[in-house]
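K.L.:
Have a look at the structure that comes next, please.
Bear in mind these aren't lab numbers, they're just calculated from the coordinates by the rules spelled out. Computed from a predicted model, the values in this text were never measured in an experiment. Counting neighbours? That spans all protein chains shown, and the Cβs are built from the backbone with ideal geometry, glycine included.
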Amino acid sequence: MGVIISTVNMKGGVGKTTLTVNLATCLAKHYDKRVLVLDLDSQISATLSMISPHDFAKVRKKRRTLSYLLDNVITPNPWSKLDIHDLIYPNVCNLEGLELLPGDIELYDEYLVSEMLHGKALQEQGKEFQKVWDDFELVMIKQLIEPVIDDYDFIIMDCAPGYNLMTRSGIAASNFYLLPARPEPLSLVGIQLLERRIAKLKKNHQDTQTLNINLLGIVFILSAGGLMGRYYKQVMKRVRDDFYPHQLFEQSIPMDVNVAKAVDLFTPAVVAMPNSTGSKAFIKLTEEFLEKIKVSQKQLVTAG
Ligand SMILES: Nc1ncnc2c1ncn2[C@@H]1O[C@H](COP(=O)(O)OP(=O)(O)O)[C@@H](O)[C@H]1O
Ligand SMILES: [Mg+2]
């Protein structure tokens, strides 16, 4: 069964999307893994980092984006013809094994979700609306990816900043979450806030289902050098005191203009500029990622 991972941080612009697409690409390119990227952010940055706007316009015109599946979950339509297999964009960047479920600028209508859940609460007399909402949140993304879990080694979900329904549902469907962050004091507060929210999410669902979501690790995105670089190193030291070593990736990702420029080519840096400093860091990080997954799975087997 595929390992499901979400890339999260309540802050925007910290490198979630860049990490998602480069890690996914490295796994397919260097480790022959079958990987699906799910773009859960209506800013569609992951989508446009992997396919061109022209290709995106074509899939959107045919409604072959995540929004089609969400519509079906929110207002089920017995006549709908497509399933998740029809929407997956294969061989991204001509890499066998790298696939994308394109996102959409309009993912779902909160009003319709609310209306549908109110209807459900009425049907299931006596069930509190909050409970109905929590249950929906738990299964929304899980149900959607269920038919393809076995087709992949990894399903990686790029979450939006903040903590919206898609993010919560993505986290609830995940085995692990990855947390890219800049080593800045407020960023560290953000990490702790997110951890608290995930603990709450687990608690909300504890009577119905045990959610086995664990932090795979914090990935630091470092400033290149100069005074900022030195300051980041000082904060990193503090972080090492605050977190357990297994909660951190040893490999960090340096700011590298090539990584930023790759977005212009609608191709992840590890394909567009494989010899750049940033790409090399992503390749090393992928090795560490696989090692961490292996260790966690061994622990699960031992515990089970
Ligand atoms: N290692 C890096 N080097 C250079 N630019 C980067 C790096 N990581 C991210 N960026 C750039 O920073 C911006 C924000 O990154 P992004 O991955 O979109 O963040 P998020 O998904 O958290 O909002 C983007 O323009 C991206 O190209
Ligand atoms: Mg993003």
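K.L.:
Given the options M236, M166, M157, state which has the largest fluctuation in a GNM of the chain using a 10 Å cut-off (strictly under) for Cα springs.
P.N.:
M236
K.L.:
Most exposed first by the Cβ proxy, i.e. fewest other Cβ within 10 Å, how do S187, S296 rank?
P.N.:
Least crowded to most crowded, the residues run S296, S187.
K.L.:
Considering only Cα-Cα distances, which of the following residue pairs are longer than 29 Å: K61/K292; K29/K58; K142/K200; K81/K142; K11/K284; K11/K298?
P.N.:
K61/K292; K11/K298
K.L.:
What do you get when you divide the Cα radius of gyration of region 3-303 by 2.2 N^0.38 Å, with N the number of residues?
P.N.:
Normalised Cα radius of gyration, region 3-303: 1.00.
K.L.:
Measure nothing but the geometry: give the 0 to 90° angle between the long axis through the Cα atoms of 16-31 and the longest principal axis through the Cα atoms of the chain, rounded to 10°.
P.N.:
80
K.L.:
Which angle from 0 to 90°, rounded to the nearest 10, does the C-alpha axis of helix 226-242 make with the longest principal axis of the chain?
P.N.:
Once rounded, one gets 60 degrees.
K.L.:
In degrees from 0 to 90, rounded to the nearest 10, what is the angle of the helix 110-123 Cα long axis to the longest principal axis of the chain?
P.N.:
50
K.L.:
So how far, in whole Å, is the C-alpha centre of region 83-149 from the one of region 154-228?
P.N.:
19
K.L.:
Please give every one of the aspartates and glutamates within straight-line cross-link reach of K237, meaning a C-alpha to C-alpha distance under 14 Å, and leave out same-chain neighbours fewer than 8 residues apart.
P.N.:
E184, E250
K.L.:
Taking 0.36 nm per residue of sequence separation and subtracting the Cα-Cα distance, how much length would be gained by fully extending the chain between E291 and L193, in nm to one decimal?
P.N.:
Details: separation 98, 0.36 × 98 = 35.28 nm, distance 2.70 nm.
So the chain would gain 32.6 nm between E291 and L193.
K.L.:
Helix-only estimate, please: 222 nm mean residue ellipticity of the chain, summing -39500 (n - 2.57) across DSSP H runs of length 4 or more and dividing by its residues, to the nearest 500.
P.N.:
-16000 deg cm²/dmol
K.L.:
Another question, then. For K202 and K62, calculate 0.36 nm times their separation in residues minus their Cα-Cα distance, and state this gained length in nm to one decimal. Don't jump to the answer; show the numbers that get you there.
P.N.:
Details: separation 140, 0.36 × 140 = 50.40 nm, distance 3.71 nm.
Additional length available on full extension: 46.7 nm.
K.L.:
For L265 and N91, calculate 0.36 nm times their separation in residues minus their Cα-Cα distance, and state this gained length in nm to one decimal.
P.N.:
Gain in length upon complete extension: 61.0 nm.
K.L.:
What is the order of C93, C26, C159, fewest Cβ neighbours within 10 Å to most?
P.N.:
Starting with the residue having the fewest Cβ neighbours, the order is C93, C26, C159.
K.L.:
Also: Order by neighbour count: T65, T277, T210, fewest other Cβ atoms within 10 Å first, most last.
P.N.:
Least to most surrounded, the residues fall as T210, T277, T65.
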